[in-house]
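Engineer: Quick one: structure below, then a few questions.
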Amino acid sequence: MSSTTALKPAGLSALLLVGLTLLPLVAVVALAFGWSAGRGTAEAGTWAHLLDTGLAGYIANSVLLVVLVAIGVTLVGVGSAWLTVMCAFPGRGTVAWLLALPLALPAYVIAYAYTDFLQFSGPLQSGLRALIGIDGLEWKARGYWFPEVRSLPGAALMFVLVLYPYVYLPVRAAFASGGASQFEAARTLGLSGGRAFFRVMLPLARPAIAGGVLLAMMEALADFGAVSYFGVETFTSGIYKAWFGIGDKAAAARLACMLLGFTLLLLWLERRQRGRARYGSAGARTGGAVFRWSGWKTGAGIALGVAPVLLGFVLPVLILLRLGLRELESLDWARFTGYAGNSVLVATLAAAVALGVALVIAYAVRLDQRLAWTARAAALGYAVPGAVIAVGVLVPLALFDNALAAFMREQFGVRTGLLLTGSVAALVFAYVVRFLAVAFNNVEAGLARVTPSMDDAARSAGLSARATLFRVHVPIIAKSLAVAALLVFVDAMKELPATLAVRPFNFDTLATSAYTFAKDERLGEAAWPSLAIVLVSVIPVLMLSKVLAARRQS
């Protein structure tokens, strides 16, 4: 069998799978600008109403939100990276890996926790009133002011507290790779510490900062749980209102296209500002911290390093525990285990399917580099908000179900109903489209470590391309496959907007049950599903910290 013939099935399979992952995006665009044309005045009236009343608010709130998040994660992420790389103090290593922990908390979970903590009847304001010696009525009568957490700035703060590690982790790696030596060299040339930081260190870490900030902005744009709970009208809340509140699919699709365009614009701007520039040291590694602190500076360093962890992980978890323990006796364990079982089921299926799809595409690209574009296309879903994917999944599945139902009714007199819409299969499909890039990146990295000579040796022994993959490559990259499956599993467990829209009727997961309870102000009941999500999410964060620690020691 010639090599060209042997590669053909893998290439065709990769193209088919990539086409399926792109189907939701095509469906959104088609519904927004094609299928809805000429359907009558009702949908046009809905869209005109949105243009007159809601769209400007969606745009303004979304832009302001991502700007505040970008500023916040940059300050906290770069500052934490500088502190843990350039400053030596006792406990620096422990602080360095603790700073990654807030990644384990979804934004909507921390929003629930801080709402209880900061509201009028919460522990903080109640404690302040007790300290001052006045009751709640007198507090209101005197007009004492307290920041409202359920607001756009409050939502931005929640995102900053959980998303700054997107900036901290890559910037810390950039600073640790020759940063100290370059900083010292700049100071010997007469630059002050501040000028050396802005003229040397920031350019060194510029790609890492831009990439991390971009991820944080995209996560903030894609969120539904936190902004919805805080009453902030963004594109995602507008999509759900148009689809499920008004029932106008075309308007929802147009909003989804605008959100998708906003996301792609962020990607384009990041690529453009990076251009062809290359940053970094010539393989040098830092010889140690520049500033060695002792005395009171040690306490200051520990306090500055621990503050983001306390606010972004420890305090929210303690608040959730307090809320959960308060409702422990009335907790319906049967329902809770049902939520957990549903979450594990769909997350496991999504991880398995995503891993299989990623393996096929990555191996096809390895066999034929002409298919390299398929990898970029398959990874596009990770940049697409869950609300957009939900719209894109529901539209083609509904068309298929309706066409099949009509055919079966006309030909056989059988009523099939909706087979795929609102099914577990549809939900798993949405997860795979959303998180395929997570699996693909890890699978591709694992295959890259397998030398091409092993492929040649397998072929010379008479193995086909398929046999080479399963008998040679898969055993070698088993650890990468396991990591890929774990990351997709955790992401699927946390996903809220796509789950709310695509899930089967009466099928609640940990994420949707937490959101439903919190929306009904039953924060005590929302605490246990939220804590379960955090517990599962901590595992990959700890794995990531371990990997980074091993790299620093190597």
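Engineer: Across region 325-350, what is the total count of residues that are within 24 Å of R503 (Cβ to Cβ), surrounded by 13 or more Cβ atoms within 10 Å (Cβ to Cβ) and of a type outside the set (S, T, Y)? Before you say what the answer is, go through the steps one by one.
Structural biologist: First, pick out the residues of region 325-350 that are within 24 Å of R503 (Cβ to Cβ): 331-350.
Applying the additional criterion that residues be surrounded by 13 or more Cβ atoms within 10 Å (Cβ to Cβ) yields 331, 335-336, 338-340, 342-350.
Keeping just the survivors that are of a type outside the set (S, T, Y) gives 331, 335-336, 338, 340, 342, 344-347, 349-350.
Within region 325-350, residues that are within 24 Å of R503 (Cβ to Cβ), surrounded by 13 or more Cβ atoms within 10 Å (Cβ to Cβ) and of a type outside the set (S, T, Y) number 12.
Engineer: Looking only at region 409-453, how many residues end up being more than 36 Å from the chain's Cα centre (by Cα) and either buried (at least 18 other Cβ atoms within 10 Å of the Cβ) or assigned to a helix (DSSP H, G or I) (or both)? Lay out the reasoning, then the answer.
Structural biologist: Our first condition is that a residue be more than 36 Å from the chain's Cα centre (by Cα); within region 409-453, this holds for 409-416, 453.
Subsequent filtering for residues that are either buried (at least 18 other Cβ atoms within 10 Å of the Cβ) or assigned to a helix (DSSP H, G or I) (or both) retains 409-412, 453.
Within region 409-453, residues that are more than 36 Å from the chain's Cα centre (by Cα) and either buried (at least 18 other Cβ atoms within 10 Å of the Cβ) or assigned to a helix (DSSP H, G or I) (or both) number 5.
Engineer: Look at G190 and say whether it is of a type outside the set (V, I, T), surrounded by 24 or more Cβ atoms within 10 Å (Cβ to Cβ) and modelled with pLDDT under 90. Spell out the reasoning first.
Structural biologist: Working: of a type outside the set (V, I, T): yes; surrounded by 24 or more Cβ atoms within 10 Å (Cβ to Cβ): no; modelled with pLDDT under 90: yes.
The answer is no for G190.
Engineer: Could you grab the pairs with beta carbons closer than 7 Å, sequence gap of 6+ or different chains, first residue in region 517-542 and under 16 Å from L325 (Cα atoms) and among the charged types (D, E, K, R), second one open to solvent by 30 Å² or more (accessible area, probe 1.4 Å) and not in a helix (DSSP H, G or I)?
Structural biologist: E525/E327
Engineer: In region 491-539, what count of residues is obtained for those that are among the hydroxyl-bearing types (S, T, Y) and open to solvent by 10 Å² or more (accessible area, probe 1.4 Å)?
Structural biologist: Our first condition is that a residue be among the hydroxyl-bearing types (S, T, Y); within region 491-539, this holds for 499, 509, 512-513, 515-516, 530, 537.
Checking which are open to solvent by 10 Å² or more (accessible area, probe 1.4 Å) leaves us with 515-516.
Residues meeting the conditions: 2.
Engineer: Follow-up question, since we're still on this one. So which pairs qualify, if the first residue must be in region 377-388 and at pLDDT 80 or above, the second must be open to solvent by 20 Å² or more (accessible area, probe 1.4 Å) and of a type in the set (S, T, Y), the Cβ gap must be under 9 Å, and the two must be at least 6 apart or on different chains?
Structural biologist: Taking only residues 6 or more apart or on different chains, the pairs are A387/Y240.
Engineer: Does region 171-183 hold any residues that are among the aliphatic types (A, V, I, L, M) and at pLDDT below 70, and which are they? Before the answer, list the steps.
Structural biologist: Taking region 171-183 as the starting set, the residues that turn out to be among the aliphatic types (A, V, I, L, M) are 171, 173-174, 176, 180.
Residue satisfying the conditions is A180 alone.
Engineer: Looking only at region 454-471, which residues are touching a helix residue (DSSP H, G or I) at 6+ places or on another chain (Cβ under 9 Å) and assigned to a helix (DSSP H, G or I)?
Structural biologist: Within region 454-471, M454, D455, A457, A458, R459, A465, R466, A467, T468, L469, R471 meet the criteria.
Engineer: Now a separate question. Scan region 82-114 for residues that are crowded, with 21+ Cβ neighbours inside 10 Å and of a type outside the set (A, V, I, L, M, F, W, C) and jot them down.
Structural biologist: Matches in region 82-114: T84, P102, P106, Y108, Y112, Y114.
Engineer: Are any of the residues in region 474-483 part of a loop (DSSP other than H, G, I, E, B) and within 25 Å of V432 (Cβ to Cβ)? Explain how you work it out, then say what you get.
Structural biologist: Applying the first criterion (part of a loop (DSSP other than H, G, I, E, B)) to region 474-483 yields 477.
Now narrow it down to the ones that are within 25 Å of V432 (Cβ to Cβ): 477.
Scanning region 474-483, I find at least one residue that is part of a loop (DSSP other than H, G, I, E, B) and within 25 Å of V432 (Cβ to Cβ), so the answer is yes.
Engineer: Could you tell me whether V357 is buried (at least 20 other Cβ atoms within 10 Å of the Cβ), at pLDDT below 95 and not in a loop (DSSP other than H, G, I, E, B)? Outline the logic, then answer.
Structural biologist: Values: buried (at least 20 other Cβ atoms within 10 Å of the Cβ): yes; at pLDDT below 95: yes; not in a loop (DSSP other than H, G, I, E, B): yes.
When the stated conditions are applied, V357 passes them.
Engineer: When region 527-554 is examined, which residues are found to be at pLDDT 85 or above and in contact with a Gly (Cβ under 9 Å, 6 or more places away or on another chain)?
Structural biologist: Step one: list which residues in region 527-554 are at pLDDT 85 or above, which gives 527-538.
Passing the criteria: A527, W528, S530, L531.
Engineer: Would you mind listing the helices (runs of 4 or more DSSP H) fully within region 101-170 where at least 1 residues are modelled with pLDDT of 90 or more, touching a Phe, Trp or Tyr at 6+ places or on another chain (Cβ under 9 Å) and within 24 Å of L323 (Cβ to Cβ)?
Structural biologist: The helices (runs of 4 or more DSSP H) meeting that bar are 107-118, 152-163.
Engineer: Please verify whether R466 is of a type in the set (K, R) and either open to solvent by 40 Å² or more (accessible area, probe 1.4 Å) or touching a Cys at 6+ places or on another chain (Cβ under 7 Å) (or both), treating the condition exactly as stated.
Structural biologist: Yes.
The values are calculated or read from the model by the stated rules, or taken from the named source; none is laboratory data. What you see is a predicted model; the values in this text were computed from it and never measured. Glycine also receives a Cβ, built like all others from the backbone with ideal geometry; neighbour counts cover every protein chain displayed. The area values use the complete protein model at the heavy-atom level, side chains included, leaving out ligands, DNA and RNA. Shrake-Rupley method; radii C 1.70, N 1.55, O 1.52, S 1.80 Å.
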